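Take a look at the structure below.
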Amino acid sequence: MKESCITPPGSDAGRRRRTGSWPLASALGPGRRGQGEIVIIVRKRSPGAAGVACLTLVLGMASGCGLSRFIAPESVEVTDMTVTSPSFMDTHALPARYVCAAHGGLGRTPPLRWSGVAPGSTAAFAIVVDTPDASAGAQVNWVIVNIDGHTRELVEDARPATAVEAANTSGGTAYAAPCPRRGDRNRYRFTVYALSEQVRLGRGAPLRKALAAIAERTVARGRITATFEAAG
């Protein structure tokens, strides 16, 4: 099977439609511009296995095709989920209370709801929040795994008892609230992943390890995106 090193340009929706790819984030360390994207790709494995896909977590390095890959051990069918929030609409502005104190916010995680998961198919959920177009380089703001598989909603600033927070781009384990430079307008993507089993990770687990574990176990995914513009 031939694979391309290039993710087609355009919106996230366009990428899903044409390639099945779902960018998680674009950098694993602070200030790394030009590092490409970490992408979960849903790939058809062979002409005789139509509709069957495997998950690949791809880190596209600046050299283009120099890729570090984490591939799921067996084929899975990945379905789409619907993710919403009672606090904002998809592609609309993120309320200020969910951004950093420098912009008058409280630094809290927004409430999220999701649906479209087949009963009994999910042992746990993971959420990844990333900023793909930050001026200092793309950032992963938050990674949380092992949310109970029966959960369909997180209230504002919730940290479920069973959940584990992994490291973000800056190395911290807390939610790194959106904090764009003055005059910048950034996107913030809240992606929910349904997992076939819980992830064996401890608090503060390395970002690469956490994202690879999510990729290996994903059976469904959905996303809501918000924007925030910092006054100049």
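Values in this text are rule-based calculations from the coordinates and carry no lab data. Bear in mind that the values here come from a model prediction, so they are computed numbers and not experimental data. Don't worry about glycine lacking a Cβ; one is built from the backbone with ideal geometry, like all the others, and counts go over all protein chains shown.
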Q. How far is it, in nm, from the label point at T82 to the one at S115 when both lie 7 Å from their Cα along the line to the Cβ?
A. 0.4
Q. Amide H neighbours of T227 under 5 Å, counting only residues 5+ apart in sequence or on other chains, H built in-plane at 1.01 Å?
A. H92, A93, L94, Y188
Q) If you bin the C-alpha pair distances of the stretch 144-232 every 10 Å from 0, what whole percents do you get? A) 15, 43, 32, 10, 1
Q. For the pair R97 and R185, how long in nm is the line joining their label points, each one 7 Å along Cα→Cβ?
A. 2.5
Q: Take each of the peptides 139-147, 215-223, 198-206, 174-182, average the number of other beta-carbon atoms within 10 Å over its residues, and list them starting from the highest.
A: 139-147, 215-223, 174-182, 198-206
**Q.** Within-12-Å neighbourhood charge of T173 [Cβ basis; K, R +1; D, E -1]
**A.** +1
**Q.** Residues of the stretch 132-148 with amide N under 19 Å of a point placed 7 Å along Cα→Cβ from R108
**A.** 142
